[in-house]
Every structure is written in structure tokens, then in C-alpha cells.
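**Student:** Let me begin by handing over the structure; questions about it come next.
The values are calculated or read from the model by the stated rules, or taken from the named source; none is laboratory data. Since this is a predicted model, take the numbers as computed values, not measurements. Reconstructed Cβ throughout: ideal geometry from the backbone, glycine too, with neighbour counts over all protein chains shown.
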Amino acid sequence: MREPFPVLGEPPAAGRPGILAACDGSDGSLWALDRAMTEAELFRLPLYVLAVVNPSPTGYPPGMEELVHESVERLTESMADGLRRAVGTVQSARERPYGGELSLHVVLGNVVEVVLACTAGQHTAVLGTRGNGGFTRLLLGSVTSAAVHHAACPVLVVPAPPAG
């Protein structure tokens, strides 16, 4: 059986501008993904959905990298499954399914650095106001804030829908 959303382990190709949606599975990133689908359809551009896995923010002690390789693979596979579910969830909630070109990308690295690097050459980056970080009191998440200030393309920040 062919998987509905193949996941690439590399950033979006630099040559073809599109709409970049950073998705970590949080509610904010799902709202942003829905808006990114709308933007991609409106501008008839490919949609690149990006998830970033940072398995060790502080690095590995000498000799440990080989030992944790299998865990990193499992973590990456889990993120890929979560990304597929996120796209499926947003698809099923839309009035009409997204019909444009779509690719999923799970990339290892520092989240802010990878997202900023992936904005190069893109039409627009679409992000939610907050992701899965632990500081919910912040108005903008650290990734979104970094993108607003340092992205190489325009950034669309999608707020939470009104309560009610």
C-alpha cells in the first residue's frame, strides 16, 4: 500500500518557491497549516510542510552518538507519523480537501536554525503563534518570533481562532 503522504528527510528543494508551513502538531501549527493550504491554493504554489526534530539540543558526549542513533530514527519516524496525521486532520476539517502539490519534510537539527534556513527562496512562511514549547505565557513562540525577525521570506503568523 502506498503511503498517502511520503515524508522526505531533507529540507524543501531550494529551486521552487512555495508556501512553507512549520508544523509541530500543536493546535497553533494546525491552524497555520490550514491557512498555508489556503495560501498555496490561492497562489497556485507547492506546499512544503516542515517538522524539525532536535534529538539533543546540547549535543552528545563523546562516543554516545552511535548509541543513540536508533532512538533518533524512532523519534524521526514518530514525527513523520505525527506530520501525516496533522495533514490528515486539517484535510478532513476543511470544507473542500486541499488539491495542490504537497510535500512533507522531517529534518534533524535546531528548530529555529532549520526553519530559518528553509525560508530562503520561499514565497511565504506560515506559522502559528505558539507551538509545543513550555512557555505558554509568551505571545509568540520562540520559533515564530525568530522567523518574524530573521526569515528570508515574508512570514504570515496565524493566531488562534476566537473562542466561542
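**Student:** Say whether the condition of being assigned to a loop (DSSP other than H, G, I, E, B), closer than 26 Å to residue 15 by Cβ and at pLDDT 95 or above is met by at least one residue in the stretch 80-100. Before the answer, list the steps.
**Tutor:** Let us first name the residues in the stretch 80-100 that are assigned to a loop (DSSP other than H, G, I, E, B), namely 94-100.
After this cut, where a residue has to be closer than 26 Å to residue 15 by Cβ as well, the list is 98-100.
Among the residues that remain, those that are also at pLDDT 95 or above are: none.
Looking for residues that are assigned to a loop (DSSP other than H, G, I, E, B), closer than 26 Å to residue 15 by Cβ and at pLDDT 95 or above, one finds none in the stretch 80-100, hence no.
**Student:** Further question: Look at the stretch 94-126 and say how many of its residues are among the aliphatic types (A, V, I, L, M) and either out of contact with any helix residue (DSSP H, G or I) (no Cβ under 9 Å at 6 or more places or on another chain) or loosely packed, with under 14 Cβ neighbours inside 10 Å (or both).
**Tutor:** Taking the stretch 94-126 and keeping what is among the aliphatic types (A, V, I, L, M), we get 102, 104, 106-108, 111-112, 114-117, 120, 125-126.
Applying the additional criterion that residues be either out of contact with any helix residue (DSSP H, G or I) (no Cβ under 9 Å at 6 or more places or on another chain) or loosely packed, with under 14 Cβ neighbours inside 10 Å (or both) yields 114, 117, 120.
Selection size over the stretch 94-126: 3.
**Student:** Name the single residue, out of those in the stretch 122-157 being in contact with a Lys or Arg (Cβ under 9 Å, 6 or more places away or on another chain) and modelled with pLDDT of 95 or more, that is farthest from residue 76 (Cα to Cα).
**Tutor:** 156
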